[in-house]
Every structure is written in structure tokens, then in C-alpha cells.
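Inspection log for the structure reproduced underneath, given as C-alpha cells.
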Amino acid sequence: MSSVPSPRPHDAPDRFLERLAARRAHLSPSERRVADFVLDHPDQVIRMSIAKLAETVGVSEPTVLRFVRALGLQRYPELKLLVGQSIVSGTPYVHADVEPDDDLGTIISKLFDSSVYVLNTVQASLDRAAMAAAVDRLATARRIDCFGTGAASVLAIEAQQKLMRLGVPTVIYADTHLQRMAAATLGPGDVALCFSHTGAVLDTVKMARKAAETGATVVAVTRPGTPLAAAADILLAVDARENTEVYAPMTSRVAHAVVLDVLATALALRLGEPGLARLREVKDSLADLRIPPEEADETAPRRPGRGRGTGA
């Protein structure tokens, strides 16, 4: 197993939940149950006694204490303090790392650092066998339907654009009613490719379940231990513990996009020369839509005052 990514430069007590997510795979099964509850319900944990947490998760109090000590802490109140610091960090509805008084340079550093940290974490935990299974199913699919709503709809659209270039019939539906009807028309040999960070979006979960009922293979890119993960035949787990109920989706979106890039790249290589030939044909079909480099300088309009620092 790959090592846990090192804390990023801006790591601090308010990043405790991210450190816990990175540490999760190294805990015992019963300790992971406690970790998952803490990660999914931090606002409840800060108001719970150790007895209440143990009862809610379904483990013993000594298990909770072993979990606390596995994190390098001595007492349960320390856990509650660090969880509390994590959920009040950052700027609500903007970003968990960014403070209201951060200057532009700090914002740039924090956002790049947080994205790199999450990508390293997801890379270390990505299930290679599940990725290989997903590539195999997509390579032989009769039809691929891409599902996602809200922010995840952008990923579904990108998946359709990447996969259809390989010559595999790939479809996306903007309307959720159409998505549900489409899921009902899938069958054996088809693939439902579903995207959701939370894994709890009702429409996406219902479409995944309907696709499974028809005999299609459901490939889900989402967090493990969620309703969508449970509905999937193949889970590509992206455990980017970003609270999108409080903050705008950022690091989770980047992680999903890179997993999709891996999936599309591996599929292209799996298809071999026919797939690469398709990509060349698609690329060539767009050649006449761009201004030739030798003409670009002549046709580009010039705006007064444009120069360094103004977007030129």
C-alpha cells in the first residue's frame, strides 16, 4: 500500500479531518467505522460523549479510545477539539483553507497546495483493480450513458466528450427526467457511468439503481460508503473529504477530473491502434476551425492599453 501523503505546507489543527481521511486506510476495520462517522458527521461528534459516539457507531468505548490513540491523541476531548477546529476553518461557501483576510498570493498558494494534497491522497488510495475492471467494461460496452447532476453534470459532460472520441457510443442527458428514462432503457452489455462527490444525490442514486435493475454495469466515481457506492458494480472511490455543504466544490472536482483522465487514457491505450486512429480522425476534423498560427497575429484585434498584467 502507498504511504500516506505528507501534510501540506499550510497544514494546521484546522486540517485534522483531512489528515484523518489520509490515515483512514491504516486503521483497523472497527476503527475505520469510527473514522467514517467522524468524517461524515463532524458537527455531531463535537456534541457527543465517548459513550454516545460508541453507541451510535456500534462499537465499544475501548474501540473509540483505541481510535483516538491511533491518531496520536491521548484523550477523547482532544479529538472533539480538533474536529471542532476543522469544521469552523476557512471561509464558509468559499474554501476551507482560505481566510477572509488572505491576500492574493496566499490564496494562490493555498488553493494549489490543497489540490496537490488531495490528488496525492487519492492517488495513494485509488483501487487499481477497480480501475482495470472499469476499463475492461467500457472497452466492450455496447452503449455508455454518463450521469451526473449539479456540479457533477460537468464531469458527466466531460466523460461523454472524452469517450465518444474513441468510437464508443456515449450519451449524456441534460434533463434528469430524460436521465431516468434512459437508465430504464439500458441493458446487459451497457454501462452507466455515474459521478457524484457526496454519493447521496437522490436522482443519481435512483438512476444507478434503475440501470442495475436492467442488467447494465454501473461504474460509480464517488466516495466509498455512500448510497451511490453501494449501487455500483465497480466503484472508483474518490475519497476527497471536502464538505460541499459548506464550501464550494474545488478539490473534490479536481480529483474527479483526474480520475476521469486516467480512465479515458487507459481506455484509449486498451483499444489500441483502432482507438488511436479514431482520436486522430476526431482531431483532424477540427483542424479547419482554428486560425492558422501564421495568420493569428494578423487577424487578432488589438485593444488599447493591453499589456503586462492586463491579460495579454
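Here, each number is a calculation from the coordinates, and none is a lab measurement. Please read these numbers as outputs of a predicted model, since none were measured by experiment. Positions of Cβ are backbone-derived with ideal geometry, glycine not excepted, and every protein chain shown enters the neighbour counts.
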| query | Given charges of +1 on the Cβ of Lys and Arg and -1 on the Cβ of Asp and Glu, with all other atoms neutral, how large is the dipole of segment 128-285 about its Cα centre, in debye to the nearest 20? | reply | 180 debye
| request: Calculate one ³J(HN,Hα) per residue across segment 46-63 by plugging θ = phi - 60° into the Karplus curve 6.51 cos²θ - 1.76 cosθ + 1.60, and present them in order as whole Hz with x for glycine and proline. | output: 5, 10, 9, 6, 4, 5, 5, 5, 4, 5, 5, 6, x, 10, 8, 4, x, 5
| Near residue 162, which aspartates and glutamates are there with a Cα under 15 Å away, not counting those fewer than 8 places off in the same chain? | 145, 261, 281
| field | Global geometry of segment 99-162, whether rounded, prolate or oblate, following the gyration tensor of its Cα atoms and the 1.5 cut on a/c | value | oblate
| Residues of type lysines that residue 80 reaches as a straight line, Cα spacing below 26 Å, ignoring anything fewer than 8 places off in the same chain | 52, 110
| Across the Cα atoms of segment 128-285, what radius of gyration and what greatest pairwise Cα-Cα distance (Dmax) are found, in Å? | 14.7, 46
| remark: Along segment 176-184, Karplus-curve 3J(HN,Hα) (6.51, -1.76, 1.60; θ = phi - 60°) to the nearest Hz, with x for Gly and Pro, reads 5, 5, 5, 4, 5, 5, 5, 4, 6
| With each pseudo-label sitting 7 Å past Cα toward Cβ, what's the residue 61-residue 161 distance in nm, one decimal? | 5.6 nm
| request: Using a/c under 1.5 as the rounded threshold, could you call segment 128-216 rounded, prolate or oblate? The axes a ≥ b ≥ c are square roots of the C-alpha gyration tensor eigenvalues, and prolate needs a/b larger than b/c, oblate otherwise. | output: rounded
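Tell me, what is the FRET efficiency for residue 290 and residue 81 to the nearest 0.05, using R0 = 51 angstrom and their Cβ-Cβ distance as r?
Working: r = 56 Å, r/R0 = 1.11.
The pair residue 290/residue 81 has a calculated efficiency of 0.35.
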| query | For labels at residue 185 and residue 109 in the simple 7 Å Cα→Cβ model, what's the distance in nm? | reply | 5.4 nm
| request: Tell me the label-point distance for the pair residue 154, residue 129, using the 7 Å Cα-to-Cβ offset, in nm and rounded to one decimal. | output: 3.4 nm
